[in-house]
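For reference, the structure discussed in these notes is given below.
The values are calculated or read from the model by the stated rules, or taken from the named source; none is laboratory data. Keep in mind the model is a prediction, meaning the values are calculated, not measured. Positions of Cβ are backbone-derived with ideal geometry, glycine not excepted, and every protein chain shown enters the neighbour counts.
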Amino acid sequence: MPLWKTHGNGRTVEPGAVVKPEERLNWPATIAIGAQHVVAMFGATFLVPTLTGFPVSTTLLFSGLGTLIFLLITKNQLPSYLGSSFAFIAPITAAVAAGGTGSALAGVVAVGILLTVVGLVVQFAGLRWVDALMPPVVAGAIVALIGFNLAPTAWNNFQLDPVTATITLVAIILFAVLFRGFLGRISIFLGVAVGFIYAAFTGSFEVPNALRGGKTPAELIADAPWVGLPEFQLPDFVAPGTWSTIAMFLPVVLVLVAENVGHVRGVATMTEDPAINRHTGRALIADGVATTIAGGFGGSGTTTYGENIGVMAATRVYSTAVYWVAGLFAILLAFSPKVGEVFNSIPAGVLGGATTALYGLIGIIGIKIWVDSKVDFSRPVNQYTAAVSLVIGIAGFSMQLGDFAFGGIVLGTVAALLIYHVGNAIARARKTGADDPRPLEAVGPLGGDPA
């Protein structure tokens, strides 16, 4: 029995119809759409390792491999691409500074293991407990503070070359507002390309890099072979401070849960197939396994990608076959050191412009959760849940307890959870009307990381 049934005539999608996960178009069309998914994910996936110092090729490899693992664990019933998650940027950056890359990878592995455990619980016990733990006001606050907490990092790169950064940022905004559909969804990728080209014409690639043997970026790109193995590195669980840095990664688990749950619900809605929601537990398990494997060998953690949901909506092709093609494409690209060197050479100004938009968009996704869920901000519990957690995250509050250091994201997450649940309990016991009166709702909709 074939893995996929051919949809209609195999060449076109009839008006009003969709290609379901268990169907496919003919292979030339499937391969072409798969390549389109690679382009859609590329702009976001390469930025995470570029910003955190992880090898681009390694992250790309485990992005493609993670996608294939996801498809296997979800029994080929849930179309999704697993790209590198922006939620990891802040904890990885802090962990590398505190304990080195090995400690950061240990944090990625820890997130993967915890997410797998959450997935197993959801698979057998359902999602209601997740909705109770993270109602919309809490989920939105956690996602928003992760984005806004990164604002100083964007400024650090921006001020190194304000002109290039501004050109990159303006290009991103123009692509987003001038074009609809696919080009609009890859506006960050296109904006980075514009900034990259401008930097090349202004001599940025002719400046020797003392940390790379005195070679210029242009020389490093020229010297890199077309074919070669990605760089691998193992996590370090015994380095001093590793267990302290792992604590910084714990809020990421909550974000990945929200993203995966939102992704499954989004696909179920677009395909008008509620049965897809039964795969939520498997989706969490799959992302957890993919993240664990990636962190175990030097890659960044993964998540389901909203960029690719956009491609599915535009093409009306929800076939898992196109994601097998996209995953294999990504794996092939990972074995080209020259591709990795091109992305390693992106100037700081370009990154500054791109991350100014990108980190802001991550924060806006959190705010969108509040809007979509109609959070009642006239209630003090909701007001303080959002207000206190955001200020803690944006200001970068920190706290040292023994050997453990907690940054703004961890403290903001704890604040959101405590204020909401304890505040609600007190308000309801006292009948003051300050509590959140609405029934606990599902987290979302979150399609993944911003396009």
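For the stretch 314-345, filtered to residues that are within 20 Å of the chain's Cα centre (by Cα) and farther than 30 Å from Glu22 by Cβ, the residue that is modelled with the highest pLDDT is Gly340. Residues satisfying the criterion are absent from the stretch 351-370 (criterion: more than 21 Å from the chain's Cα centre (by Cα) and buried (at least 20 other Cβ atoms within 10 Å of the Cβ)). Residue by residue through the stretch 206-252, note down the ones that are at pLDDT below 85, surrounded by fewer than 17 Cβ atoms within 10 Å (Cβ to Cβ) and not in a helix (DSSP H, G or I). Across the stretch 206-252, the qualifying residues are Val207, Pro208, Asn209, Gly213, Gly214, Lys215, Ala239, Pro240, Gly241. Name the residues in the stretch 88-104 that are assigned to a helix (DSSP H, G or I), surrounded by fewer than 24 Cβ atoms within 10 Å (Cβ to Cβ) and not hydrophobic (A, V, I, L, M, F, W, C), would you? Answer for the stretch 88-104, where residues must be assigned to a helix (DSSP H, G or I), surrounded by fewer than 24 Cβ atoms within 10 Å (Cβ to Cβ) and not hydrophobic (A, V, I, L, M, F, W, C): Thr93, Gly99, Thr101, Gly102. Within the stretch 101-113, identify whether any single residue is under 21 Å from Ala415 (Cα atoms) and not hydroxyl-bearing (Ser, Thr, Tyr), and answer yes or no. For the stretch 101-113, residues under 21 Å from Ala415 (Cα atoms) and not hydroxyl-bearing (Ser, Thr, Tyr): present. Checking the stated criteria, Leu72 turns out not to satisfy the condition of being at pLDDT 90 or above and either touching a strand residue (DSSP E or B) at 6+ places or on another chain (Cβ under 6 Å) or surrounded by 20 or more Cβ atoms within 10 Å (Cβ to Cβ) (or both). Cβ-Cβ contacts under 8 Å between residues 6 or more apart (or on different chains), taken from a first residue in the stretch 404-428 that is closer than 15 Å to Ala387 by Cβ to a second residue that is of a type outside the set (A, V, I, L, M, F, W, C) and not in a helix (DSSP H, G or I), are listed as Gly408/Asn149; Gly408/Gly396; Gly408/Ser398; Leu411/Ser398; Gly412/Asn149; Tyr420/Pro135; Tyr420/Asp436; Gly423/Asp435. Exactly one residue among Phe86, Phe62 is of a type in the set (Phe, Trp, Tyr), at pLDDT below 90 and closer than 19 Å to Phe343 by Cβ, and that residue is Phe86.
Of the helices (runs of 4 or more DSSP H) contained entirely in the stretch 27-87, those carrying at least 3 residues that are polar (S, T, N, Q) fall at 27-45, 56-73.
Scanning the stretch 17-26 for residues that are outside any loop (DSSP other than H, G, I, E, B) and either touching a Pro at 6+ places or on another chain (Cβ under 6 Å) or among the basic types (Lys, Arg) (or both) turns up just one, Arg24.
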